[in-house]
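Asker: Take a look at the following structure, please.
No value in this document is a laboratory result; all are computed from the given coordinates. Quantities reported herein were computed from a predicted structural model and do not represent experimental measurements. When we count neighbours, we look across all protein chains shown, and the Cβ atoms used for this are built from the backbone with ideal geometry, even at glycine.
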Amino acid sequence: MPDLAIYAGLFLNAFVAATLLPAYSEVTFAALLAAGKGDPGLLFLAATSGNTLGAILNWWIGRGIARFRDKRWFPVKEEQFERVSRFFVKYGRWSLLLAWAPIIGDPLTVVAGTFRVPLRWFIPLVAAGKAFRYGAILFGIDALALAP
């Protein structure tokens, strides 16, 4: 049963980290791997799926509240929204592969919602980028463990 709590906790941490709320799932993921807590493959799945679902929440927010983007409470600042929108227009849906990136990743998923990117494109592109990031951490921690 304690393993379930580890995976659920990482999933929740990764979900929150993908939203516009501050959280650092990479640190939690790396710490669990380094401590040998849980199965690495299941930790990878928990982090990737939680982070992807958090990005889907951002997409949904972008679809529904874009008309309020000039309000003070809107989760993405106007200048950040405009900058990410220009980036999105320039590179298209393929820019969603960078949804894992600090600073632009979360706003990018909100912008994708405002641009009405279909979920059939959004989910695989976002999940691939996030899986790549967690995979790099997984293999990096593994390589450090094997180093003499």
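Asker: Could you go through region 46-57 in sequence order and give the Karplus-derived ³J(HN,Hα) for each residue, using 6.51 cos²θ - 1.76 cosθ + 1.60 with θ = phi - 60°, rounded to whole Hz, and x for Gly and Pro?
Answerer: Computed from phi, the couplings for region 46-57 are 4, 5, 5, 5, x, 5, 5, 5, x, 5, 5, 4 Hz.
Asker: Then there's this: Relative contact order (percent) for the chain, with alpha-carbon contacts under 8 angstrom and 6 or more residues of separation?
Answerer: Relative CO of the chain lands at 27 percent.
Asker: Mind pulling the angle between the C-alpha long axis of helix 78-91 and the longest principal axis of the chain? Nearest 10 degrees, somewhere in 0 to 90.
Answerer: Compared with the principal axis, the helix lies near 80 degrees.
Asker: Can you list the trypsin sites (Lys or Arg not before Pro) in region 83-148 that are in a DSSP coil and have 15 or fewer other beta carbons within 10 angstrom? All intermediate terms of the calculation are to be shown ahead of the outcome.
Answerer: Working: sites: R83, R86, K90, R93, R116, R120, K130, R133; in loops: R116.
Filter output for region 83-148: R116.
Asker: List, in order, the whole-Hz ³J(HN,Hα) value for each residue of region 123-139 obtained from phi through the Karplus relation with A = 6.51, B = -1.76, C = 1.60 and θ = phi - 60°; use x for Gly and Pro.
Answerer: Running phi through 6.51 cos²θ - 1.76 cosθ + 1.60 with θ = phi - 60° gives 4, x, 5, 5, 4, 5, x, 5, 5, 4, 4, 5, x, 4, 5, 4, 6 Hz.
Asker: If you compute percent of Cα pairs over 21 Å apart for the structure shown, which of (i) 39; (ii) 44; (iii) 64 do you land on?
Answerer: Of the listed options (i) 39; (ii) 44; (iii) 64, (ii) comes from this structure.
Asker: Right, here's the next one. Can you list the aspartates and glutamates whose alpha carbon sits under 18 Å from that of K71, skipping same-chain ones fewer than 8 residues off?
Answerer: Output for K71: E79, E82.
Asker: Any chance you could give the angle, 0 to 90 degrees and rounded to 10, that helix 25-35 forms with the longest Cα principal axis of the chain?
Answerer: It works out to around 0 degrees.
Asker: Using a Cα-Cα cut-off of under 29 Å, which lysines could be cross-linked to K77, ignoring same-chain neighbours fewer than 8 residues away?
Answerer: Once the sequence-local lysines are set aside, what remains near K77 is K90, K130.
Asker: Here's a follow-up. Amide H neighbours of A101 under 5 Å, counting only residues 5+ apart in sequence or on other chains, H built in-plane at 1.01 Å?
Answerer: So A101 has HN proximity to no qualifying residue.
Asker: Here is a further query. For region 2-146, give the magnitude of the charge dipole about the Cα centre (Cβ charges: +1 Lys/Arg, -1 Asp/Glu; no others), in debye to the nearest 20.
Answerer: On the way: 15 positive and 9 negative charges, 150 e Å.
With only Lys, Arg, Asp and Glu charged at Cβ, the dipole is about 720 debye.
Asker: Here's a follow-up. Given the -39500 (n - 2.57) contribution per DSSP H run of 4+ residues, what per-residue ellipticity at 222 nm results for the chain, rounded to the nearest 500 deg cm²/dmol? Show your work: numbers first, answer last.
Answerer: Numbers: 6 runs with 106 residues, N = 148.
So the calculated ellipticity at 222 nm is -24000 deg cm²/dmol.
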